[in-house]
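Colleague: Sharing a structure, written as structure tokens. Questions coming.
The values are calculated or read from the model by the stated rules, or taken from the named source; none is laboratory data. Keep in mind that what you see is a predicted model, and the values were worked out from it rather than measured. As a convention, Cβ positions derive from the backbone with ideal geometry for all residues, glycine included, and neighbour counts pool all protein chains shown.
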Amino acid sequence: MVKVITNGAFYRDGKLIPETQAAGFNKEEGKKKTIAYGILQAHNSGDEKNLKIKFDGMASHDITYVGIIQTARASGLSKFPVPYVLTNCHNSLCAVGGTINEDDHVFGLSAAEKYGGIFVPAHQAVIHQYMREMMAGCGKMLIGSDSHTRYGALGTMAMGEGGPELVKQLLNRPYEIKYPDVVAIYMTGKPKPGVGPQDVALAIIGAVFKDGHVKNKVMEFIGPGVSNMTADYRNGIDVMTTETTCLSSIWRTDAETKKWYDAHLRSDDYKELNPGEGAYYDMYIEVDLSTVQPMIALPFHPSNVYDLKEFIANPKDVLEDAQNRGIAQYGDKVKTYKLTDRIVNGKVVVDQGVIAGCSGGTFENVYTAAQILRGKDLGKGAFNLSVYPASQPVFLELVRDGSISTLMETGATIRSAFCGPCFGAGDVPCNNGFSIRHTTRNFPNREGSKPSDGQISWVALMDARSIAATALNGGVLTAATDVEIPDEVPEYHFDKAVYDNRIYNGYGKEKPETELRFGPNITDWPKMTNLAEDLVLEAVSVINDPVTTTDELIPSGETSSYRSNPLRLAEFALSRKDPGYVGRAKAVAAQEKARLEGNFEGCEDIFKGMGDAAELGKKTGIGSVVFAMKPGDGSAREQAASCQKVLGGFANIAVQYATKRYRSNLINWGMLPFTTDEPEKLALSIGDRIYIQGIRKAVETAQELIPCKIYRANGNVDDFALRLADLSEDERKIILAGCLINYYNM
């Protein structure tokens with residue numbers, strides 16, 4: 001089904017030849033013949049190994065664009081230099097926090113008018129569907145402040161990053177990155193009826209995530225199998241590449257890609273993209289589409305993948321494993337809830353199905369689900385089905401071809417374009433409920449449950465086809481290969497009038513005289529100090545889980561309403577992982593405040609055993625530090641880092657960072673991204689203090705090994721060394737300045 005080969009390979013005559021069998025080929029020249037190389041270098045103002053990228057366009061949604069624009073304003077923004085799309089697909093419902101969600105939308109429209117942006121009102125489109133329909137283009141590069149910014153199936157290299165990286169683009173500064181490895185995803189065969197794009201995506205994620213095969217690399221999809229899928233189908237696979245932790249993706253283009261651009265009235269944005277003869281790939285993955293089966297990803301990660309039919313045949317052990325993960329994560333509060341209760345008379349029964357967002361709500365997915373359910377009904381039991389078309393043009397076409405009425409007749413509920421089910425703000429199941437979703441993630445709390453309050457539910461990822469098959473059987477888990485599947489999907493007709501009549505497009509027409517409209521929850525970033533000569537860091541949270549997601553660092557769901565208010569949002573930091581974190585961080589921040597005010601008696605505790613508090617306080621900054629084995633998996637949200645900084649955080653320590661974007665967020669908020677190869681020797685505990693002399697000089701001189709002393713809470717003192725590697729010159733300057741805003745105002 002999916003075979004991972006960690007050795008390199010060359011591309012010749014449409015096939016991949018293992019490096020060991022490719023005599024006469026030149027690796028260095030071959031690297032320049034990939035599709036990825038051509039696109040990256042076309043956007044690069046740096047050298048071939050150290051890229052400085054300028055993107056063709058940008059996108060943000062309504063829980064990120066306010067902070068980005070506020071940061072850019074504080075750094076000298078005058079106009080948007082590239083097309084910048086502001087969508088309103090996350091806080092669309094305006095259901096939490098009083099007026100503050102709609103206040104953000106009003107702010108966004110005024111910013112689009114003032115600076116020359118593109119404003120997509122609520123319910124018009126989810127961010128990535130709009131970007132596919134209106135902004136993608138073969139050979140282009142786009143950046144978005146959402147981790148699922150992926151348009152590779154349309155010949156567009158796109159990257160999801162934290163807000164500060166978009167700020168850099170708004171201020172005409174480059175996106176800096178070392179040239180990445182490129183991995184070939186060589187596709188053969190044709191998907192069988194009943195197997196959808198989510199099945200293919202989950203099969204790939206399951207094969208590559210655990211061992212980090214494609215982490216921070218570019219996935220390049222090639223091979224004859226690509227042409228056996230429509231562009232819509234490819235989009236569904238491509239958007240899920242984020243869950244592999246790759247940097248970006250790109251696909252070869254063909255007649256199906258051209259058909260997409262023709263249908264969306266943008267034929268000029270198509271061009272053929274293929275690797276050149278002799279292209280070299282650092283590794284490759286073979287995907288035989290004809291062997292892919294319906295798949296299911298069980299809690300709590302898209303990589304927790306099983307063959308759906310095999311799981312249905314023997315669910316007990318697998319469900320017990322998922323159940324135990326919940327107990328390990330949340331302790332006794334979830335022991336009363338048993339996922340194994342979902343086995344009824346030997347069958348797995350689910351409570352809910354959701355088809356939504358950038359991965360599930362595409363035309364072909366919804367159309368096919370409707371055809372599977374045509375003439376049937378969901379029954380009057382507990383099972384319910386919600387369907388969210390990904391944009392108003394998609395919705396309109398599904399209305400015109402009868403798919404929406406077909407679904408409504410079954411008892412399914414039709415919603416507007418909204419990302420809520422992907423991050424816990426829509427269709428939250430009941431306690432111990434089991435939901436199957438064609439969405440992007442099933443991380444803990446992504447369905448909206450609150451285990452800290454004794455509430456937990458379970459989400460599995462599946463394809464829309466198997467969700468419809470399950471709905472056909474009243475909630476009994478069923479693979480789509482076991483039901484009748486429509487032979488083909490009709491031609492899609494895109495009606496641009498929907499957008500022409502509603503979307504504000506001010507690119508190139510900025511109105512500087514426009515006043516920004518603020519609400520009571522939209523606040524400026526608090527003032528942040530530069531890096532001191534020396535530093536004391538107190539450990540305020542120690543997380544030894546193998547991976548820590550951004551959702552655990554700053555929860556999604558109801559907290560999204562406060563993302564325009566840095567101080568209020570910070571109150572939620574680590575709340576579902578380490579409820580005591582905020583209080584401990586504030587106590588450390590109070591000592592730094594006392595130090596800056598010259599009240600050295602107020603910071604004697606943290607300097608205890610190190611020397612005279614008054615002398616130390618003159619040049620030694622005081623901050624908190626979070627240790628986690630592998631933090632930052634998942635969302636691109638900058639708030640995972642900025643909330644720590646707002647609370648007085650100066651650093652993270654990790655064995656490795658799960659994604660480049662989380663590490664970049666730390667740096668852009670002036671935090672030191674330390675790593676260690678010796679977590680057992682470090683053995684950090686809450687209350688331990690790390691004293692680093694000469695930290696400012698070490699950053700200035702690009703010193704990688706940073707000696708320090710650890711003053712243990714138990715009274716012991718140990719010598720140690722932290723690693724601070726791979727910082728660019730600009731990144732060092734940002735850390736020295738204290739944050740990106742300070743750096744741009746120097």
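Colleague: What number goes with the only condition from (1) more than 21 Å from the chain's Cα centre (by Cα); (2) surrounded by 24 or more Cβ atoms within 10 Å (Cβ to Cβ); (3) of a type in the set (Gly, Ala, Ser) that residue 162 does not pass?
Modeller: (1)
Colleague: Counting residues that are modelled with pLDDT under 95, surrounded by fewer than 24 Cβ atoms within 10 Å (Cβ to Cβ) and of a type in the set (A, V, I, L, M), which helices (runs of 4 or more DSSP H) fully inside segment 194-300 reach at least 2?
Modeller: On the way: elements: 197-208, 231-238, 255-263.
Those helices (runs of 4 or more DSSP H) do not exist here; none qualify.
Colleague: With (1) buried (at least 24 other Cβ atoms within 10 Å of the Cβ); (2) under 20 Å from the mean Cα position of the chain (by Cα) as the list, and residue 141 as the residue in question, which single condition is left unmet?
Modeller: It fails just one condition, (1).
Colleague: Look through 111, 36 and report the one residue that is over 21 Å from residue 417 (Cα atoms), under 22 Å from the mean Cα position of the chain (by Cα) and either part of a helix (DSSP H, G or I) or modelled with pLDDT under 95 (or both). Spell out the reasoning first.
Modeller: Numbers: 111 fails: under 22 Å from the mean Cα position of the chain (by Cα).
So the residue among 111, 36 that is over 21 Å from residue 417 (Cα atoms), under 22 Å from the mean Cα position of the chain (by Cα) and either part of a helix (DSSP H, G or I) or modelled with pLDDT under 95 (or both) is 36.
Colleague: I would also like to ask the following. Looking only at segment 153-164, which residues are touching a helix residue (DSSP H, G or I) at 6+ places or on another chain (Cβ under 6 Å) and at pLDDT below 95?
Modeller: 161, 162, 163, 164
Colleague: Are there any pairs with C-beta distances below 9 angstrom linking a residue in segment 305-331 that is closer than 15 Å to residue 347 by Cα and crowded, with 18+ Cβ neighbours inside 10 Å to a residue that is among the hydroxyl-bearing types (Ser, Thr, Tyr) and modelled with pLDDT of 85 or more, with the two at least 6 apart or on different chains, and if so which?
Modeller: 308/466; 308/478; 308/481; 312/478; 318/306
Colleague: Just the residues that are touching a helix residue (DSSP H, G or I) at 6+ places or on another chain (Cβ under 9 Å) and either part of a helix (DSSP H, G or I) or more than 24 Å from residue 72 (Cβ to Cβ) (or both), please, taken from segment 557-571.
Modeller: Let us first name the residues in segment 557-571 that are touching a helix residue (DSSP H, G or I) at 6+ places or on another chain (Cβ under 9 Å), namely 557, 559-571.
Selection gives 557, 559, 560, 561, 562, 566, 567, 568, 569, 570, 571.
Colleague: Further, regarding this structure: Being small (Gly, Ala, Ser) and part of a helix (DSSP H, G or I) is the filter here; which residues of segment 301-320 pass it?
Modeller: First pass over segment 301-320, keeping only residues small (Gly, Ala, Ser): 303, 313.
Of everything in segment 301-320, just one residue is small (Gly, Ala, Ser) and part of a helix (DSSP H, G or I), namely 313.
Colleague: Look through segment 73-105, keep the residues that are aliphatic (A, V, I, L, M) and either farther than 15 Å from residue 61 by Cβ or in contact with a Leu (Cβ under 7 Å, 6 or more places away or on another chain) (or both), and return whichever of them is surrounded by the fewest Cβ atoms within 10 Å (Cβ to Cβ). Spell out how you get there, then give the answer.
Modeller: Applying the first criterion (aliphatic (A, V, I, L, M)) to segment 73-105 yields 74, 77, 82, 85-86, 93, 95-96, 100.
Within this subset, residues satisfying the condition of being either farther than 15 Å from residue 61 by Cβ or in contact with a Leu (Cβ under 7 Å, 6 or more places away or on another chain) (or both) are 74, 77, 82, 95-96, 100.
Working: 74: 17, 77: 20, 82: 16, 95: 12, 96: 15, 100: 20.
Ranking the qualifying residues of segment 73-105, first place goes to 95.
Colleague: Residue under question is residue 375, and the condition is that it be in contact with a Gly (Cβ under 8 Å, 6 or more places away or on another chain), on the phi > 0 side of the Ramachandran plot, surrounded by fewer than 23 Cβ atoms within 10 Å (Cβ to Cβ) and in a loop (DSSP other than H, G, I, E, B); does it hold? Spell out how you get there, then give the answer.
Modeller: Values: in contact with a Gly (Cβ under 8 Å, 6 or more places away or on another chain): no; on the phi > 0 side of the Ramachandran plot: yes; surrounded by fewer than 23 Cβ atoms within 10 Å (Cβ to Cβ): yes; in a loop (DSSP other than H, G, I, E, B): yes.
No.
Colleague: What are the residue pairs meeting all of these: first residue in segment 499-527, first residue more than 22 Å from residue 739 (Cβ to Cβ), second residue in a loop (DSSP other than H, G, I, E, B) and of a type in the set (Lys, Arg), Cβ atoms under 6 Å, and 6 or more apart or on different chains?
Modeller: Pairs found: 510/79.
Colleague: Taking segment 338-391 only, how many residues are of a type in the set (Lys, Arg) and over 32 Å from the mean Cα position of the chain (by Cα)?
Modeller: Final tally of qualifying residues: 4.
Colleague: What's the total number of residues in segment 415-444 that are among the polar types (S, T, N, Q) and either touching a helix residue (DSSP H, G or I) at 6+ places or on another chain (Cβ under 6 Å) or more than 27 Å from residue 241 (Cβ to Cβ) (or both)? Even if it seems obvious, please write down each step before you answer.
Modeller: Looking only at segment 415-444, we keep the residues that are among the polar types (S, T, N, Q), and these are 416, 431-432, 435, 439-440, 442.
Restricting the remaining residues to those that are either touching a helix residue (DSSP H, G or I) at 6+ places or on another chain (Cβ under 6 Å) or more than 27 Å from residue 241 (Cβ to Cβ) (or both) gives 431-432, 439-440.
Of the residues in segment 415-444, 4 are among the polar types (S, T, N, Q) and either touching a helix residue (DSSP H, G or I) at 6+ places or on another chain (Cβ under 6 Å) or more than 27 Å from residue 241 (Cβ to Cβ) (or both).
Colleague: Suppose the filter is in a strand (DSSP E or B) and either farther than 26 Å from residue 446 by Cβ or among the hydrophobic types (A, V, I, L, M, F, W, C) (or both); does residue 626 pass it? Reasoning before the result, please.
Modeller: Working: in a strand (DSSP E or B): yes; either farther than 26 Å from residue 446 by Cβ or among the hydrophobic types (A, V, I, L, M, F, W, C) (or both): yes.
Answer is yes for this residue.
Colleague: Which one is surrounded by the fewest Cβ atoms within 10 Å (Cβ to Cβ), of the residues in segment 626-654 that are over 16 Å from residue 531 (Cα atoms) and aliphatic (A, V, I, L, M)?
Modeller: That would be 629.
Colleague: Please work out if residue 559 is modelled with pLDDT of 85 or more, within 21 Å of the chain's Cα centre (by Cα), crowded, with 20+ Cβ neighbours inside 10 Å and in the same structural domain as residue 674 (by TED's automatic domain parsing). I'd like the intermediate steps shown before the answer.
Modeller: On the way: modelled with pLDDT of 85 or more: no; within 21 Å of the chain's Cα centre (by Cα): yes; crowded, with 20+ Cβ neighbours inside 10 Å: yes; in the same structural domain as residue 674 (by TED's automatic domain parsing): yes.
Spelling it out, it is not the case that residue 559 is modelled with pLDDT of 85 or more, within 21 Å of the chain's Cα centre (by Cα), crowded, with 20+ Cβ neighbours inside 10 Å and in the same structural domain as residue 674 (by TED's automatic domain parsing).
Colleague: Any residue in segment 704-733 that is within 30 Å of residue 175 (Cα to Cα) sitting within a Cβ distance under 6 Å of a residue that is among the small types (Gly, Ala, Ser) and assigned to a helix (DSSP H, G or I)? List the pairs, counting only those 6 or more apart or interchain.
Modeller: 706/698
Colleague: Out of curiosity, is residue 172 surrounded by fewer than 22 Cβ atoms within 10 Å (Cβ to Cβ), more than 20 Å from the chain's Cα centre (by Cα), more than 30 Å from residue 65 (Cβ to Cβ) and polar (S, T, N, Q)?
Modeller: Numbers: surrounded by fewer than 22 Cβ atoms within 10 Å (Cβ to Cβ): yes; more than 20 Å from the chain's Cα centre (by Cα): yes; more than 30 Å from residue 65 (Cβ to Cβ): no; polar (S, T, N, Q): yes.
It is false that residue 172 is surrounded by fewer than 22 Cβ atoms within 10 Å (Cβ to Cβ), more than 20 Å from the chain's Cα centre (by Cα), more than 30 Å from residue 65 (Cβ to Cβ) and polar (S, T, N, Q).
Colleague: Any idea which residue in segment 728-746 is modelled with the lowest pLDDT, counting only those that are of a type in the set (A, V, I, L, M, F, W, C) and not in a helix (DSSP H, G or I)? Can you show your working first?
Modeller: Step one: of segment 728-746, the residues of a type in the set (A, V, I, L, M, F, W, C) are 734-737, 739-741, 746.
Retained after the next criterion (residues that are not in a helix (DSSP H, G or I)): 739, 746.
Values: 739: 92, 746: 70.
Filtering segment 728-746 for residues that are of a type in the set (A, V, I, L, M, F, W, C) and not in a helix (DSSP H, G or I), the one modelled with the lowest pLDDT comes out as 746.
Colleague: Tell me yes or no: at least one residue of segment 37-54 is among the small types (Gly, Ala, Ser) and buried (at least 22 other Cβ atoms within 10 Å of the Cβ). Before the answer, list the steps.
Modeller: Step one: of segment 37-54, the residues among the small types (Gly, Ala, Ser) are 38, 42, 45-46.
Now narrow it down to the ones that are buried (at least 22 other Cβ atoms within 10 Å of the Cβ): none.
No, the conditions are met nowhere in segment 37-54.
Colleague: Tally time: how many residues in segment 708-724 are surrounded by fewer than 20 Cβ atoms within 10 Å (Cβ to Cβ) and over 15 Å from residue 695 (Cβ atoms)?
Modeller: Number of matching residues: 8.
Colleague: Got at least one residue in segment 379-386 being in a helix (DSSP H, G or I) and at pLDDT below 95? Break it down stepwise before answering.
Modeller: We begin by selecting, within segment 379-386, every residue in a helix (DSSP H, G or I); these are none.
Within segment 379-386, not a single residue is in a helix (DSSP H, G or I) and at pLDDT below 95.
Yes or no, residue by residue, for (1) among the charged types (D, E, K, R); (2) buried (at least 23 other Cβ atoms within 10 Å of the Cβ); (3) farther than 19 Å from residue 89 by Cβ:
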site	(1), (2), (3)
395	no, yes, no
407	no, yes, yes
414	no, no, no
418	no, yes, no
423	no, yes, no
467	no, yes, yes
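Condition check ((1) touching a strand residue (DSSP E or B) at 6+ places or on another chain (Cβ under 9 Å); (2) closer than 21 Å to residue 481 by Cα; (3) not assigned by TED's automatic domain parsing to the domain that holds residue 428) across all residues:
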position: 314; (1), (2), (3): no, yes, no
position: 320; (1), (2), (3): no, no, no
position: 328; (1), (2), (3): no, no, no
position: 337; (1), (2), (3): yes, no, no
position: 340; (1), (2), (3): no, no, no
position: 345; (1), (2), (3): no, no, no
position: 350; (1), (2), (3): yes, yes, no
position: 357; (1), (2), (3): yes, no, no
